[in-house]
Amino acid sequence: MGKQGSFIKRFTDILFSLILLVISSPILLLAAIAIKLDSKGPVFFIQERSGLGGKPFRMIKLRGMVHNALEIGPQLTQVNDPRITRVGKILRRTSIDELPQAINVLKGDMSIVGPRPEITPITAEYTEEQKEVFNYKPGITGISQINGRQTLAPAERVKMEIEYYRNANFWSDLKIVLSTFKVILSNEGNI
């Protein structure tokens with residue numbers, strides 16, 4: 001949390017990620033068992049996303065869809081998407097599917113707070129103005145995640161993120177982290 005590239009941001013990213021992984025490890029274990037019992041396929045869903053500088057990285061999530069979801073449907077999740085498994089509905093509703101992204105934070109691909117990591121086919125269409133979002137490491141949570149989440153179009157999300165992250169600081173990021181819990185509990189903006 002804090003200014004992009006600062007020591008304090010990287011330190012808090014590592015600290016929060018380690019705490020998150022330790023505290024959530026029993027939940028992750030139960031989720032992994034439930035995923036394997038509910039449907040065929042791997043526990044984790046790994047997808048290429050655009051990161052800092054527009055560089056692609058492999059984002060880790062718990063799998064909440066059928067194993068071949070990208071082969072049988074659109075890249076973006078739809079409302080009432082039939083590809084979402086029974087366990088996936090719970091994981092997505094509670095945002096438990098996002099917890100493995102703490103590994104991406106530890107690796108340095110992501111931050112706790114930052115722009116939403118978008119799939120590369122969408123970022124390939126960004127205008128020069130929208131590419132400013134690549135100046136910031138993507139985050140597990142962020143300004144767009146607490147202000148609309150999946151109900152926002154990619155262009156709306158990017159505009160909001162650029163405006164916020166130009167002036168982000170430790171305290172504004174902390175406010176986002178605290179607001180994230182409210183949004184998860186209310187399921188606001190989730191598909």
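The values are calculated or read from the model by the stated rules, or taken from the named source; none is laboratory data. All of these numbers come straight from a predicted model, not from anything done at the bench. Reconstructed Cβ throughout: ideal geometry from the backbone, glycine too, with neighbour counts over all protein chains shown.
Side notes on the structure shown:
- Among the residues making up segment 1-35, a single one is surrounded by 12 or more Cβ atoms within 10 Å (Cβ to Cβ), at pLDDT below 95 and more than 21 Å from Thr180 (Cα to Cα): Ser6.
- The helices (runs of 4 or more DSSP H) falling completely within segment 103-191 that include 1 or more residues that are in contact with a strand residue (DSSP E or B) (Cβ under 6 Å, 6 or more places away or on another chain) and in contact (Cβ under 8 Å) with a residue 60 or more places away in the chain map to 120-123, 170-186.
- All positions within segment 46-68 that are under 25 Å from Leu30 (Cβ atoms), part of a strand (DSSP E or B) and either basic (Lys, Arg) or touching a Gly at 6+ places or on another chain (Cβ under 7 Å) (or both): Arg58, Lys61, Met65
- Residue match in segment 83-91 (condition: part of a loop (DSSP other than H, G, I, E, B), at pLDDT below 80 and over 30 Å from Phe170 (Cβ atoms)): no
- Remark: pairs (first residue in segment 7-31, acidic (Asp, Glu); second residue assigned to a helix (DSSP H, G or I) and surrounded by fewer than 16 Cβ atoms within 10 Å (Cβ to Cβ); Cβ separation under 9 Å; 6+ apart in sequence or on different chains) = Asp13/Leu106.
- The single condition among (1) within 14 Å of the chain's Cα centre (by Cα); (2) in contact (Cβ under 8 Å) with a residue 24 or more places away in the chain that Ile46 does not satisfy is (2).
- The number of residues in segment 127-145 that are within 11 Å of Gly114 (Cβ to Cβ) and out of contact with any helix residue (DSSP H, G or I) (no Cβ under 8 Å at 6 or more places or on another chain) comes to 1.
- Residue within segment 49-71 that is of a type in the set (Val, Ile, Thr), surrounded by fewer than 16 Cβ atoms within 10 Å (Cβ to Cβ) and at pLDDT below 95 present: no
- Qualifying residue in segment 137-149 (condition: in contact with a Leu (Cβ under 9 Å, 6 or more places away or on another chain), crowded, with 22+ Cβ neighbours inside 10 Å and of a type in the set (Lys, Arg)): yes
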